[in-house]
1. At 1.4 Å probe radius, can you tell me the per residue accessible area of the range 328-408 in Å²?
2. Rounded if a/c is under 1.5, else prolate if a/b beats b/c, else oblate: with a ≥ b ≥ c from the C-alpha gyration tensor eigenvalues square-rooted, which is the range 66-168?
3. What per residue convex hull volume, in Å³, comes out for the chain when only alpha-carbon positions are used?
4. How much area per residue is accessible in the range 435-516 when the probe is 1.4 Å and only protein heavy atoms are counted (Å²)?
5. Where the centre of each part is set by its Cα atoms, how far does the range 54-92 sit from the range 371-408, in angstrom?
6. Using a Förster distance of 45 angstrom, determine the FRET efficiency expected from the C-beta separation of ASP431 and ASP90, and round it to 0.05.
7. Rounded if a/c is under 1.5, else prolate if a/b beats b/c, else oblate: with a ≥ b ≥ c from the C-alpha gyration tensor eigenvalues square-rooted, which is the range 150-299?
8. What is the spin-label model distance, in nm, from THR273 to ASP22 if the labels are put 7 Å beyond Cα along the C-beta direction?
Amino acid sequence: MDVVVGLDSGTTATKAVTAGADARVRDLVSVGYPLLVPAPGRAELDAGRLQQAAVEALTAITALARDRGDRVVGIALSAAMHGLVPMDGDGAPLGPVVTWADARAAEWAQALVADGRAPALHARTGTPVHAMSPLVKLSWERAQDGDRVSGTPRWGGVKELVVAALCGGPMVVDRSIASTTGLYDIRAGRWDDEALAIAGVRAGQLGEVLPTTAVLPGLRADVAAATGLPAGTPVVLGAADGVLANLGIGAVRPDVAAVSLGTSGAMRVVVPTPTVDPGRRLFCYALTDDAWVVGGAVNNGGSVVRWASQALAVEPGHPEPQGEEADALDARLLEEAAAVPAGSAGLLCLPYLLGERAPWWRSGLRGAYLGLRREHRRPHLVRAAVEGVCQQLALVRDAFSATDVPVREVRATGGAVASPLWVRTLAAALDLPVRVADSPEGTGLGACLLGLHALGALPDLDAATALVTVHDPVEPDPADAAVYRELRPLVERSTDALTDVLTALDALDDTPSHPV
């Protein structure tokens, strides 16, 4: 079969998948690397290792395709959003990649909110003013060393690093990644003057913005030799990982939302034109020139159950389980929690163990249990944590409604949706049918589909809705949905009421900081 490689460079691994025109994943390779936390608040990647991983993953997946008798006819790129890395004029990294999870710029995000510039910036760029964004990271870097920011030849992110490693040539970036930086005017289609001034950089220090369907000249000679692919193999510039996840599970109609629920989570909907939530709860990022993704990301997903496993089910002094043993313990806790009725006997969890992004976009939030009584036990705590995450995604869905984006169906992917409790709770909290995607590799498959479209093998992206396999819908339980509707305003009220307290506690804590 003729196949396209979807190369997805993420925060902890680079994954490569192959798929043909039938939209079925044929092979998968993953090359891991550590998220570096050299000091409290920092969260970085070794830029050189990330580039090396891209070549390794491409080499390994090409070998698997060759063994199958498949022919690689193109490569399409996906990359993690919000990274920032200094680069020289030839695209070589001059330092680590500062990831979305780096918390050091939180004070500068708060300053932009306090001085009133955040609403207009968010409206023009589609990116919330938050410590995750390159705009805010650069403004923080500028405060530390303005000469370094202005004197660095190039500033890029994960996508620019991978393009430099695979293709070389002038620095380019796709419109999707550009739209996630907080530096790009999504309606005018150019770098934003005010954002550049705040960041202290010039447009010439950033990549040339190209469509996500742009086809680059081909692989560098050394990469072609390492992978065994022809140097002229087309490389499709591709898009950001979040928006490609929608494409990879067939959620490309305006009434079908994608939910990713792994360690963290997100809910996203594709719309035909740039759309910014007036309440500044949602982001708006490009998929193609005619398809834009509106949504919100939450920091906490399946990680809340892993925390519960470690905090509530591991004997003191015993090593924490890893790998399959940890997965089995998580599954046992979820089975216990499934016996607890919806609402967890009046126990409410604000699941901000790793801080929180949507819909609040506030730095310093921490987790809390409210309504705790003597009769509550471990299953109640676990169930309430699962419900808390699903309620955050329901608040994102409520923001869709306020932005006149109707949602009638949800397609879900990620490790957490292997659990029936997670899927049932998500369906009830959203009060929508949830269909779980057949393949867990939505982002890599989305890159393949975008590549097939760019190379003329897929007529339009709407075809992905029919091509991608999903399971039968899980319908929301009406009684559970009614409970969550009643509880959701309490989540909002308690978060608003406790923000100052939680932020003060965060400031007093001298242990290593969590992601923002």
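1. Computed with neighbouring chains in place, this is 37 Å² per residue.
2. Here the range 66-168 falls in the prolate category.
3. In the chain, the Cα convex hull volume per residue is 140 Å³.
4. Accessible area per residue, the range 435-516: 52 Å².
5. 37 Å
6. Here the calculated transfer efficiency is 0.30.
7. Oblate, since a/c reaches 1.5 and b/c is not below a/b.
8. The two pseudo-label positions are separated by 4.1 nm.
The values are calculated or read from the model by the stated rules, or taken from the named source; none is laboratory data. Just so you know, these numbers come straight off a predicted model, no measurement behind them. When we count neighbours, we look across all protein chains shown, and the Cβ atoms used for this are built from the backbone with ideal geometry, even at glycine. Heads up: the accessible areas ignore ligands, DNA and RNA and are worked out on the full protein's heavy atoms, side chains in. Shrake-Rupley method; radii C 1.70, N 1.55, O 1.52, S 1.80 Å.
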